[in-house]
Amino acid sequence: MPNTSHKVIIIGSGPAGLTAALYTARANLSPVVFEGIQPGGQLTITTEVENYPGFLEGVMGPELMDIFRKQALKFGAQSLYKEVTAVDLSKRPFRVVSDDKEYFADSLIISTGASAKLLGIPSESEYMGYGVSACATCDGFFFKNQHVVVVGGGDTAMEEATFLTKFASKVTVVHRRAELRASKIMRDKAFKNPKIEFIWDSAVDEVLGKEENGKKSIIGVRLKNLKTGKVTDFPCDGLFLAIGHQPNTKLFKGRLETDPVGYLKVKSGSTKTNIPGVFAAGDVADPVYRQAVTAAGTGCMAAIDAERFLEHEGAGHD
């Protein structure tokens with residue numbers, strides 16, 4: 001099976017997967033990357049990235065991922081624009097299934113990422129990256145002296161709201177219930193912040209936007225009071241979704257150890273999962289930082305871990 005047996009298969013193609021591909025390719029391991037349904041990961045739905053080191057003027061998310069990909073391919077990585085539908089990790093070589101075709105790998109790097117939970121309304125997708133964001137750390141800077149809305153009531157929402165007050169003139173938190181789920185310390189911090197106000201028992205029904213000179217932006221949100229049913233249009237300049245993230249680990253359920261939310265567990269200081277030869281990198285194993293640069297860092301770690309594993313197993317370089 002010359003075309004289906006590989007030393008390294010990488011599932012997922014965000015900063016973690018493509019960095020792992022670059023490093024394993026340079027180690028002469030001829031990695032194959034399954035790019036999945038969102039090649040380039042979450043960065044492909046991000047417009048401008050200003051916090052990735054080395055890009056003084058910023059860079060568009062899709063362009064950054066394209067540079068990552070070209071660099072990996074230059075050293076011999078192979079990209080397959082296919083989704084993995086099943087895996088068998090019970091024995092080596094590991095079996096990966098895509099388009100009803102089987103592929104085999106001596107080692108596996110999982111970098112399937114995590115997806116921000118969304119509200120599920122069409123206008124939210126339409127304005128994603130044009131005023132709607134799921135990452136305050138990534139995009140807060142673009143809302144200097146503006147009024148933004150944060151949706152959510154947990155620790156993440158309070159953290160994002162507090163962070164956004166560094167830039168925004170005002171932050172309004174919209175929450176479905178009459179009290180927060182956040183821990184007391186995070187609640188107190190938000191309540192004490194003079195820039196944060198709250199709208200209770202409400203949900204965002206629609207994102208209101210405009211398009212001028214080919215540029216989209218949001219002008220407000222349509223709020224629905226869940227107790228009275230009353231609908232009001234609320235003007236704002238930005239909408240941040242902070243209702244949690246879901247790691248893309250359904251494929252590995254019952255096969256790899258996860259935390260209660262579903263993030264893959266790795267051994268401290270490494271990218272090793274509970275199955276030898278299977279490594280996890282990027283947001284799929286990171287409930288804390290979720291940044292492009294940290295994902296790339298763990299992608300490098302996973303590649304080195306995989307190379308050492310293969311060396312030890314006697315299946316290393318050609």
Of the candidates 213, 193, 248, the one satisfying the condition of being at positive phi and among the polar types (S, T, N, Q) is 213
Condition first: surrounded by fewer than 16 Cβ atoms within 10 Å (Cβ to Cβ), of a type in the set (Phe, Trp, Tyr) and more than 21 Å from residue 287 (Cβ to Cβ). Can you find one or more residues in segment 177-200 that meet it?
yes
Of the candidates 211, 159, the one satisfying the condition of being modelled with pLDDT under 95 and over 19 Å from residue 128 (Cβ atoms) is 159
| request: Go through the residues of segment 228-243 one by one and say whether even a single one is in contact (Cβ under 8 Å) with a residue 12 or more places away in the chain, under 23 Å from the mean Cα position of the chain (by Cα), surrounded by fewer than 21 Cβ atoms within 10 Å (Cβ to Cβ) and closer than 25 Å to residue 141 by Cα. | output: yes
Flagged in segment 270-295 as modelled with pLDDT under 95 and of a type in the set (Gly, Ala, Ser), in numbering order, are 292
Across segment 75-94, the tally of residues that are surrounded by fewer than 17 Cβ atoms within 10 Å (Cβ to Cβ) and among the β-branched types (Val, Ile, Thr) stands at 1
Among 217, 202, the single one that is closer than 15 Å to residue 126 by Cβ and either touching a helix residue (DSSP H, G or I) at 6+ places or on another chain (Cβ under 9 Å) or not aliphatic (A, V, I, L, M) (or both) is 217
Exactly one of 267, 215 is exposed (fewer than 14 other Cβ atoms within 10 Å of the Cβ) and either more than 24 Å from the chain's Cα centre (by Cα) or hydroxyl-bearing (Ser, Thr, Tyr) (or both), and that residue is 215
Of the residues in segment 276-303, those that are assigned to a helix (DSSP H, G or I), more than 14 Å from the chain's Cα centre (by Cα) and crowded, with 24+ Cβ neighbours inside 10 Å come to 302, 303
Review point. If you go through segment 198-215 one residue at a time, do you hit one that is in contact (Cβ under 8 Å) with a residue 24 or more places away in the chain and polar (S, T, N, Q)?
Key: yes
Residue 135 fails exactly one of (1) closer than 30 Å to residue 25 by Cβ; (2) outside the structural domain of residue 282 (by TED's automatic domain parsing); (3) in contact with a strand residue (DSSP E or B) (Cβ under 6 Å, 6 or more places away or on another chain), namely (3)
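The values are calculated or read from the model by the stated rules, or taken from the named source; none is laboratory data. On a predicted model such as this, the values are computed, not experimentally measured, just so you know. Note: ideal-geometry Cβ built from the backbone for every residue, glycine included; neighbour counts use all protein chains shown.
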